Amino acid sequence: MGNKGKLIVIEGIDGSGKSAHYRRICEHLEEDGIAYNHIVFPRYDKESSALIRMYLGGEFGANPADVNAYAASTFYAVDRFAAYRTDWGETYKQGGFILSDRYTTSNAVHQGAKLPDEELEKFFRWLYDLEYVKMELPKPDLVIYLDVDIETSLARMQHRQEKTNTEADIHEKDIAYLKNCLRVADRAADYYGWTRIPFLKDGQERSIAEKHEEIYKIIREAL
């Protein structure tokens with residue numbers, strides 16, 4: 001794939017502001033006339049996400065740990081494989097720019113959170129080998145990781161559930177699990193070399209506009 005495109009991923013735990021920033025980036029790219037394809041994972045409206053929906057709906061157990069990190073990771077990997085082969089793969093191969101809301105990176109965070117610290121590096125290596133070597137999915141050129149604290153994450157999730165009249169899934173209901181996700185995301189960002197977007201500046205929460213300008217500048221420099 002000598003003519004491969006660019007794959008840029010926006011990553012962060014639930015309530016990190018990831019979706020809001022993703023929408024802003026898409027709008028900014030369109031304003032600037034930059035051609036891109038965008039994709040959001042998981043693709044809940046597709047058949048390839050059936051096992052994800054069963055897992056998050058509690059059909060395999062009421063707690064995230066009821067499905068081990070390796071098994072659960074395969075559910076999400078299959079959805080990405082299907083998306084690549086039926087949706088954006090050809091565009092990428094022809095040199096197109098793909099912007100993704102979540103990717104393999106989310107498995108590192110959300111499934112890695114089920115493991116003790118001493119097993120994380122082994123899991124991180126296994127995960128990238130599974131998706132980028134065995135399944136032959138593209139490796140991201142850039143991963144932008146949105147940092148956040150647990151209090152803000154929980155408050156934003158509750159607000160979103162009230163606004164959309166939806167119930168929390170088994171990940172969102174488990175506060176201890178979400179705290180673990182933050183801890184593991186910090187490890188994953190270091191291990192994989194993700195680009196961090198700090199949540200605070202001088203002890204104060206940064207504005208969405210300020211963070212967006214930083215993110216967009218990083219993306220434009222990567223293109």
* Structure fact -> Residue hits (segment 137-156; within 18 Å of E11 (Cα to Cα) and either modelled with pLDDT under 95 or assigned to a helix (DSSP H, G or I) (or both)) are D147, V148, D149, I150, T152, S153, L154, R156
* Positions within segment 111-136 being more than 15 Å from the chain's Cα centre (by Cα), in contact (Cβ under 8 Å) with a residue 40 or more places away in the chain and not in a helix (DSSP H, G or I), in sequence order -> L115, M135
* To do: Could you tell me whether any residue of segment 111-118 is open to solvent by less than 30 Å² (accessible area, probe 1.4 Å), of a type in the set (A, V, I, L, M), at negative phi and touching a Cys at 6+ places or on another chain (Cβ under 7 Å)?
  => yes
* Structure fact -> Restricting attention to segment 41-76, the residues that are open to solvent by less than 70 Å² (accessible area, probe 1.4 Å), out of contact with any Pro (no Cβ under 7 Å at 6 or more places or on another chain) and within 30 Å of H28 (Cβ to Cβ) number exactly 4
* What are the residues in segment 133-147 that are open to solvent by less than 30 Å² (accessible area, probe 1.4 Å) and farther than 14 Å from W194 by Cβ, if any? -> L137, P138
* Answer residue from segment 173-198, given it is of a type in the set (K, R) and not in a helix (DSSP H, G or I) and is nearest to L127 (Cα to Cα) among those -> R196
* Enumerate the helices (runs of 4 or more DSSP H) found wholly within segment 45-110, keeping only those where 2 or more residues are within 17 Å of P140 (Cα to Cα) and in contact with a strand residue (DSSP E or B) (Cβ under 8 Å, 6 or more places away or on another chain). => 89-93, 104-110
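The values are calculated or read from the model by the stated rules, or taken from the named source; none is laboratory data. Everything numeric in this text was worked out from a predicted model, so none of it was measured. Note that each Cβ is placed from the backbone with ideal geometry, even for glycine, and that neighbours are counted across all protein chains shown. Ligands, DNA and RNA are stripped out before the accessible areas are found, and what is left, the full protein with its side chains, is counted by its heavy atoms. Shrake-Rupley method; radii C 1.70, N 1.55, O 1.52, S 1.80 Å.
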